[in-house]
């Protein structure tokens, strides 16, 4: 009897006692460890591996255990991956388009979901891109789990601008000079960057060596920006045409974002992943380059974009059209953001050629001698 109890006690001491949680629900594509499945463990330890949360559905994992006497084993634990978050739908409250332009409204809408599935937005409502006027529409995006985001949007179709007479042009010119003079009066005494460039703030916008800056240190006014600048759009069209001739397709996945829309986007990411993590890839309102009308996300807003032929082409050719890779690899401590192979900024051909640096991109922060840190 004593021998039997001794053997039982020996086996007991060799086997870890693992108590798993029940009815475990985990959000899809979340970074979760095995520790979230274990309620308690006695007489040993377990390997805290990362769970597979890539797809919705029932899952199980075999967790490796080890007793204090170094006996190894496994504990099978079941869990369920779910998707309870609605898609992130980026679209301006009012979309302004020219009547004569060849428009596709889907170009003004961006959808991203934590499930990483491709979601086609749906536009509901009558409108005519060839007829001037304002049209009330609803834009929606629904993922495969049934989560849906719906937004009210006003489509503003604008008639082509009329060419003004010489008299009007002269008047406009005089008015422009007066406005420029007023603007110049608002310029503060220039400060200097670490590299000696003038820091000039005009109407709430910061220019350094003539370059508009929007990063974590320098913000834009709430009312700044109406869309991509004409120079940026024209340059992208040229670059897109060249890529097409090379047999590749590049397109703007996410372009201009207003202060209001950036507020929504940023708050959504904070809700999903917390502020500390969100700050590494999403700008706070007013600090986004997208609001400047000079930046865009191209094709795929995922790290995997770096493995595509389109990215490889952009790496070798974007600077020729005035675009720079704004957030290069291994420069997070300088730019304030993770590596974003999809994010490009228009700076003009001359500066882009200099920043290209034979493929070893120089950031605007390095070039100008500025930092990018929230104050």
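A few points about this structure:
- Annotation: of all residues in segment 13-40 being surrounded by 12 or more Cβ atoms within 10 Å (Cβ to Cβ) and over 30 Å from residue 115 (Cβ atoms), the one that is modelled with the lowest pLDDT is 13.
- Within segment 329-349, considering residues that are within 14 Å of the chain's Cα centre (by Cα) and assigned to a loop (DSSP other than H, G, I, E, B), the one surrounded by the fewest Cβ atoms within 10 Å (Cβ to Cβ): 338
- Complete set of residues in segment 48-75 that are in contact with a helix residue (DSSP H, G or I) (Cβ under 8 Å, 6 or more places away or on another chain), surrounded by 14 or more Cβ atoms within 10 Å (Cβ to Cβ) and at pLDDT 85 or above: 51, 61, 63
- So residue 84, is it closer than 30 Å to residue 146 by Cα, surrounded by fewer than 16 Cβ atoms within 10 Å (Cβ to Cβ), at pLDDT 85 or above and in contact with a helix residue (DSSP H, G or I) (Cβ under 9 Å, 6 or more places away or on another chain): no
- Residue, nearest to residue 111 (Cα to Cα), within segment 300-319, restricted to residues that are touching a residue at least 60 places away in the same chain (Cβ under 8 Å), in contact with a helix residue (DSSP H, G or I) (Cβ under 9 Å, 6 or more places away or on another chain) and surrounded by fewer than 21 Cβ atoms within 10 Å (Cβ to Cβ): 310
- Members of segment 109-122 found to be touching a residue at least 24 places away in the same chain (Cβ under 8 Å) and not in a loop (DSSP other than H, G, I, E, B), listed by number: 110, 111, 112
- Boolean, residue 362 is surrounded by fewer than 19 Cβ atoms within 10 Å (Cβ to Cβ), outside any helix (DSSP H, G or I) and either in contact with a helix residue (DSSP H, G or I) (Cβ under 8 Å, 6 or more places away or on another chain) or modelled with pLDDT under 95 (or both): yes
- Qualifying helices (runs of 4 or more DSSP H) (wholly inside segment 219-297; at least 3 residues being at pLDDT below 95 and more than 19 Å from the chain's Cα centre (by Cα)): 230-245
- Among the strands (runs of 3 or more DSSP E) confined to segment 123-203, the ones with at least 1 residues that are at positive phi and either modelled with pLDDT of 70 or more or surrounded by 11 or more Cβ atoms within 10 Å (Cβ to Cβ) (or both) are located at 133-142.
The values are calculated or read from the model by the stated rules, or taken from the named source; none is laboratory data. This one's a predicted model, so the numbers in the text were calculated from it and none came from an experiment. Every residue, glycine among them, receives a Cβ derived from its backbone with ideal geometry; neighbour counts consider all protein chains shown.
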